[in-house]
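This report concerns only the one structure given below.
The values are calculated or read from the model by the stated rules, or taken from the named source; none is laboratory data. This one's a predicted model, so the numbers in the text were calculated from it and none came from an experiment. Cβ atoms come from the backbone with ideal geometry, glycine included; neighbour counts cover every protein chain shown. Accessible surface is based on the protein model in full, side chains and every heavy atom, while ligands, DNA and RNA are left aside. Shrake-Rupley method; radii C 1.70, N 1.55, O 1.52, S 1.80 Å.
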Amino acid sequence: GKRVKGIQIARPFIYGTTARPFDPKTNPKPAGVPDDHTHSWTVFVKGIDDTDITYWLRRVQFKLHESIPNHVRMVEAPEPGKPFEVHETGWGEFEITIKLYYATESSEKPQTLYHFLKLHPFARNEEEKEALARNGNGEVISWTYEEQLFNEPFEPEGGVLERS
Ligand code: SLL
């Protein structure tokens with residue numbers, strides 16, 4: 001198709017990490033996880049309120065720290081409404097490279113995002129640290145809202161970019 005002039009489409013999404021410390025009560029360590037691993041965590045890309053994004057996002061490559069076995073993970077489109085995600089366990093924080101591959105119809109080049117995996121909650125002092133430890137399950141959420149802009153998108157064949 002040809003480009004639709006003067007049109008810009010914004011596709012909102014969320015990416016980031018959710019981490020939880022291993023704890024016998026709230027998050028028991030599964031068998032086989034190395035002794036030095038302190039947390040389980042997830043890195044993901046998903047729609048707002050779990051709306052489907054697989055019609056414009058085809059796959060996502062997550063590049064993890066090299067200390068992690070098989071550290072480059074390609075995730076193909078999940079079921080609509082489910083996140084593109086990787087579950088892991090570990091002990092350290094690091095920067096994750098997230099590469100987005102768009103639906104072929106959009107003819108957009110892959111785009112790279114960077115996200116820092118956070119395992120430890122932010123606390124200014126011991127008091128805050130203790131308060132955090134008492135509350136909830138110690139989940140550390142680090143999420144970013146982002147909008148992918150498609151400039152002058154190609155005329156959709158089958159309405160791929162038209163859905164709202
Ligand atoms: C640090 N610069 O020193 C960082 C590196 C690496 C984290 C953190 C290993 C997991 C695994 C893991 O958690 N690496 O062995 O599967 O803090």
| field | GNM flexibility winner over the chain from Ala19, Ala77, Ala123 (Cα, springs under 10 Å) | value | Ala123
| query | Tell me, in nm to one decimal, what length is gained between Tyr145 and Glu127 on full extension, where the rule is 0.36 nm per residue of separation less the Cα-Cα distance? | reply | 3.5 nm
| query | Computed FRET efficiency, Cβ-Cβ of Arg134 and Glu79, R0 35 Å: what is it to the nearest 0.05? | reply | 0.40
| note | With a 28 Å threshold on alpha-carbon distance, the violating pairs from Lys5/Lys109; Lys46/Lys118; Lys46/Lys109; Lys2/Lys82; Lys25/Lys118 are Lys2/Lys82
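The stretch 65-164: which GluC sites (Glu not before Pro) are DSSP loop and have at most 14 other beta-carbon atoms within 10 angstrom? List each step's numbers first, then the result.
Numbers: sites: Glu66, Glu76, Glu85, Glu88, Glu93, Glu95, Glu105, Glu108, Glu126, Glu127, Glu128, Glu130, Glu139, Glu146, Glu147, Glu157, Glu162; in loops: Glu66, Glu93, Glu108, Glu139, Glu157, Glu162.
Qualifying residues, ordered by number: Glu66, Glu139, Glu157, Glu162.
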| task | Quick one: give the max-minus-min coordinate of the C-alpha atoms of the stretch 77-150 along each principal axis, largest first, in Å. | result | 53, 24, 23
| note | Checking the stretch 32-135 for trypsin sites (Lys or Arg not before Pro) in a loop per DSSP with at most 15 other beta-carbon atoms within 10 Å yields Arg124
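Taking the radius of gyration and the Kirkwood hydrodynamic radius from Cα positions alone, what is the Rg/Rh ratio for the stretch 7-164, to two decimal places? Mind dumping the intermediate values first?
Values: Rg = 18.0 Å, Rh = 17.3 Å.
Ratio of gyration radius to Kirkwood radius: 1.04.
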| field | Under 20 Å from the Val72 label point (7 Å along Cα→beta-carbon), backbone N, the stretch 82-99 | value | 85-88, 94-99
| Over the chain, what is the relative contact order in whole percent, taking alpha-carbon pairs under 8 Å and six or more residues apart? | 34 percent
| note | In whole angstrom, the spacing between the Cα centers of the stretch 11-42 and the stretch 50-108 equals 17 Å
| message | Explain nothing, just the number: dipole magnitude of the chain about its Cα centre with +1 on each Lys and Arg Cβ and -1 on each Asp and Glu Cβ, in debye rounded to the nearest 20. | response | 300 debye
| Accessible heavy-atom area order of Asp52, Asp36, highest first, probe of 1.4 Å | Asp36, Asp52
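Ignoring everything except DSSP H segments at least 4 long, calculate the 222 nm mean residue ellipticity for the chain; use -39,500 (n - 2.57) per segment, divide by total residues, nearest 500. Walk me through the intermediate numbers first.
Numbers: 1 runs with 9 residues, N = 164.
So the calculated ellipticity at 222 nm is -1500 deg cm²/dmol.
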| message | Using amide H atoms built in the peptide plane, which far-off residues or other-chain residues are under 5 Å from His39 H to H? | response | Phe22, Gly90
